[in-house]
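J.: This is the structure, below, for whatever I ask next.
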Amino acid sequence: MVVYCPPPSKDIDLHARLDDALATILDLMTQRAARGHVANYIPPLATVDPTKFGIAVALNDGSLHVAGDADEPFSIQSISKVFSLTLALGLTGDALWQRVGREPSGNAFNSIVQLEHEQGIPRNPFINSGAIVVADILLSGRQPRETIGEILRFVRFLADDETISIDPAVASAERATGFRNEALANYMKSFNNLRNHPGPVLGVYYHHCAITMTCRQLACAGRFLASNGRNPLTGRPIVAPERARRINALMLTCGHYDGSGDFAFTVGLPSKSGVGGGILAIVPGTAAIAVWSPGLNTQGNSLLGIEALEILSRHMGWSVF
Ligand code: GLN
């Protein structure tokens, strides 16, 4: 059940209103008995405490508002696909779209079903097959270790935080259980849509999925998407405004897999989820939001994370529509 906060009053200052909303959301979410189910395909995710809840909002004015377990690191999983895509677009530009589509899949994140019909071209860069092609692009001409280091450095740079790291236990558990991702990679290789051998490509993919961040760090790393591709604190450009707009468009249409339409309907913000229970949502021109609640819905998206964003977007009047 969704309980909505009272509508915002125009005369209350934005920061106070936001703090008020976060306190209400934390209170509501802490009380929820139905919290979804934590991902159980690897032990490091299966053992995460489902009662955790954190949220952080980085406003473009440089302020940061947090509530709950906002400083506790979690596995960002598929949220990392936003950062790997951003880097890969920097390498290849629009040529990337010859190898990855830009349409919602309407299927599960690890589905193989469309690949045969569409000749090994994944529907979009946020389903696993699409992110594996992106990892292949990032790997070309480099060693896997260098590529993984480059992705991690980029995320640290975006968040302005050198402490962000990769959890090696998550990366090796992903590899040990990644039979379906291996199937996807091998299948795409058979269509010639991978330039490198699937093994090292998956090594890059598993490692970026294993990046560990807090809500605070993730909200900071997402700021460039809320401010026309610039770091709002320094004004320094990270990507061109048009590229930030396009990444946001893909997050809106494809960021929650087969739950993307419903998320656009209920929340209305570009956003990307991960099976670690995190969601990065962007309010273009205003803020980047990171929320974390480890329990997932049937589509592999954070159950309470979505509800928290629904309440926050209503309370603050934040939507791209
Ligand atoms: N590492 C996970 C996988 O490859 C990522 C999936 C996700 O977060 N949706 O299955």
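None of the figures in this text is laboratory data; all of them are computed from the coordinates on show. Remember, predicted model here, so these are calculated numbers, not experimental data. So basically every Cβ, Gly included, is an ideal-geometry build from the backbone, and we count neighbours across all protein chains shown.
J.: In nm, what is the difference between 0.36 nm times the number of residues separating Asp94 and Thr298 and their Cα-Cα distance?
T.: Extra length from Asp94 to Thr298 when fully extended: 70.1 nm.
J.: Mind pulling the per residue volume of the convex hull built on the Cα atoms of the range 5-154? Å³ is fine.
T.: Working: hull volume 28.2 nm³, N = 150.
Spread over its residues, the Cα hull of the range 5-154 gives 188 Å³ apiece.
J.: Determine how many Å³ per residue the convex hull of the Cα atoms of the chain encloses.
T.: Convex hull volume per residue, Cα atoms: 116 Å³.
J.: At most 14 other Cβ atoms within 10 Å and a DSSP loop assignment: could you name the chymotrypsin sites (Phe, Trp or Tyr not before Pro) in the range 177-249 that fit?
T.: Those satisfying the criteria are Phe191.
J.: Tell me which aspartates and glutamates have Cα within less than 14 Å of Lys52's Cα, excluding those fewer than 8 residues away on the same chain?
T.: Partners within reach: Asp27, Asp69, Asp71, Glu72.
J.: Compute the angle between helix 128-139 and the longest alpha-carbon principal axis of the chain, please, reported from 0 to 90 degrees and rounded to the nearest 10.
T.: Compared with the principal axis, the helix lies near 70 degrees.
J.: While we're on this one: Taking only Cα atoms, what is the 0 to 90° angle, nearest 10, from helix 241-254's long axis to the longest principal axis of the chain?
T.: Between helix and principal axis, roughly 90 degrees.
J.: How far apart, in nm, are the 7 Å Cα→Cβ label points at Arg245 and Asp27?
T.: With each label placed 7 Å out from Cα toward Cβ, I get 4.1 nm.
J.: Report, in deg cm²/dmol and to the nearest 500, the calculated mean residue ellipticity at 222 nm for the chain, where each DSSP H run with n ≥ 4 adds -39500 (n - 2.57) and the sum is divided by the residue count.
T.: For the chain, the value works out to -14000 deg cm²/dmol.
J.: Which angle from 0 to 90°, rounded to the nearest 10, does the C-alpha axis of helix 198-209 make with the longest principal axis of the chain?
T.: 10 degrees
J.: Which net charge results when you count Lys and Arg as +1 and Asp and Glu as -1 among the other residues whose beta-carbon is under 13 Å from that of Gly130? Display every interim value, and only then the final one.
T.: Details: positive: Lys81, Arg99, Arg102, Arg123, Lys272; negative: Glu103, Glu118, Asp136.
Net charge in that neighbourhood comes out at +2.
J.: Hey, another quick one. Could you work out the local net charge near Leu250, counting Lys and Arg as +1, Asp and Glu as -1, over the other residues with Cβ closer than 14 Å to its Cβ?
T.: So the surrounding residues net to +4.
J.: What whole-number distance in Å separates the alpha-carbon centres of the range 114-178 and the range 16-71?
T.: A separation of 25 Å, based on Cα centres.
J.: Zone of Asp262 (label point 7 Å along Cα→Cβ, backbone N under 18 Å): which residues in the range 270-305?
T.: Inside the label zone: 270-280, 293-305.
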